[in-house]
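The values are calculated or read from the model by the stated rules, or taken from the named source; none is laboratory data. Predicted model, so just to flag it, every value in this text is computed and none were measured. Every residue, glycine as well, gets a Cβ built from its backbone with ideal geometry; the counts of neighbours run over all protein chains shown. Please note that ligands, DNA and RNA were not included when accessible areas were found on the heavy atoms of the full protein model with its side chains. Shrake-Rupley method; radii C 1.70, N 1.55, O 1.52, S 1.80 Å.
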Amino acid sequence: MADEQKQYITPETKAKLESELQALIDHRPVVAAEINERREEGDLKENAGYDAAREMQDQEEARIKQISEILANSTTERSSMIEGVAHVGSVVHVYYNGDENDKETFLIGTRAAASDNKDLETYSEQSPLGAAVVGAKEGETREYTAPNGNTLTVTVVSAAPYDSDKAATPRSSK
């Protein structure tokens, strides 16, 4: 049941976050040494170097906490996903308002789930479009209200679990 509450992130994103987290952790002694060095300069009330070092420490610790929370509350597991149904962690190919030439391909997930594929947009499952397509099967059309207030229809052409090798290429459909 715990997996149901976890957000999907791509394996590439997980590796990137883990690498950033380790770099920040490895940088802690450098920041601590900088703080100590600046502390020895004297009066802390008027020591800009000390203040800057403490600020850097606060920012890095906040990022460590943020990354740790993302990793603790996410999964790269896709085994429960069904091919042909849009889920969080699915790459979805759609067209809008009945116009098969007005197509878009995107990943459903949080920004933390975003892949390194620059051509693949990521929409949250809580966004109007994401919420509209989650659970939709291939060929199914759904309506949603865009942020500008317009009602749009979206038709799911295909939906498949994220695969970095196939993410930006729609499957051929006949």
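When residue 108 is evaluated against the numbered criteria (1) open to solvent by less than 30 Å² (accessible area, probe 1.4 Å); (2) at pLDDT 85 or above; (3) in the same structural domain as residue 34 (by the TED database), which criterion, by number, is the only one it fails?
(3)
For the range 143-154, check the following and say yes or no: at least one residue is assigned to a strand (DSSP E or B), modelled with pLDDT under 90 and within 13 Å of residue 92 (Cβ to Cβ).
Initial filter on the range 143-154 (assigned to a strand (DSSP E or B)): 143-145, 151-154.
If we keep only those that are modelled with pLDDT under 90 as well, we get none.
Scanning the range 143-154, I find no residue that is assigned to a strand (DSSP E or B), modelled with pLDDT under 90 and within 13 Å of residue 92 (Cβ to Cβ), so the answer is no.
What are the pairs, 6+ residues apart or on separate chains, where a residue within the range 136-148 that is under 18 Å from residue 161 (Cβ atoms) has its Cβ under 6 Å from a residue that is surrounded by 11 or more Cβ atoms within 10 Å (Cβ to Cβ) and polar (S, T, N, Q)?
138/158
Which of the residues that make up the range 18-46 are acidic (Asp, Glu) and in contact with a Lys or Arg (Cβ under 9 Å, 6 or more places away or on another chain)?
Restricting attention to the range 18-46, the residues satisfying the condition of being acidic (Asp, Glu) are 18, 20, 26, 34, 37, 40-41, 43, 46.
The one that is acidic (Asp, Glu) and in contact with a Lys or Arg (Cβ under 9 Å, 6 or more places away or on another chain): 20.
Taking the range 54-66 on its own, how many of its residues are in contact (Cβ under 8 Å) with a residue 12 or more places away in the chain and open to solvent by 60 Å² or more (accessible area, probe 1.4 Å)?
Start the filter on the range 54-66 by keeping residues that are in contact (Cβ under 8 Å) with a residue 12 or more places away in the chain, which leaves 54, 56-57, 60, 63-64.
Subset that is open to solvent by 60 Å² or more (accessible area, probe 1.4 Å): 54, 56, 63.
Number of matching residues: 3.
Mind checking whether some residue in the range 67-85 is modelled with pLDDT under 85, in a loop (DSSP other than H, G, I, E, B), open to solvent by less than 20 Å² (accessible area, probe 1.4 Å) and touching a strand residue (DSSP E or B) at 6+ places or on another chain (Cβ under 7 Å)?
no
For the range 14-48, give me each residue that is touching a Leu at 6+ places or on another chain (Cβ under 9 Å) and closer than 24 Å to residue 71 by Cα. Can you show your working first?
Initial filter on the range 14-48 (touching a Leu at 6+ places or on another chain (Cβ under 9 Å)): 14, 17-18, 21, 38.
Hits for the range 14-48 are 14, 17, 18, 21.
I'm trying to understand the selection: among the residues of the range 1-47, which are among the polar types (S, T, N, Q), modelled with pLDDT of 80 or more and surrounded by 13 or more Cβ atoms within 10 Å (Cβ to Cβ)?
Keep residues of the range 1-47 that are among the polar types (S, T, N, Q), which gives 5, 7, 10, 13, 19, 22, 36, 47.
Now narrow it down to the ones that are modelled with pLDDT of 80 or more: 13, 19, 22, 36, 47.
Passing the criteria: 13, 47.
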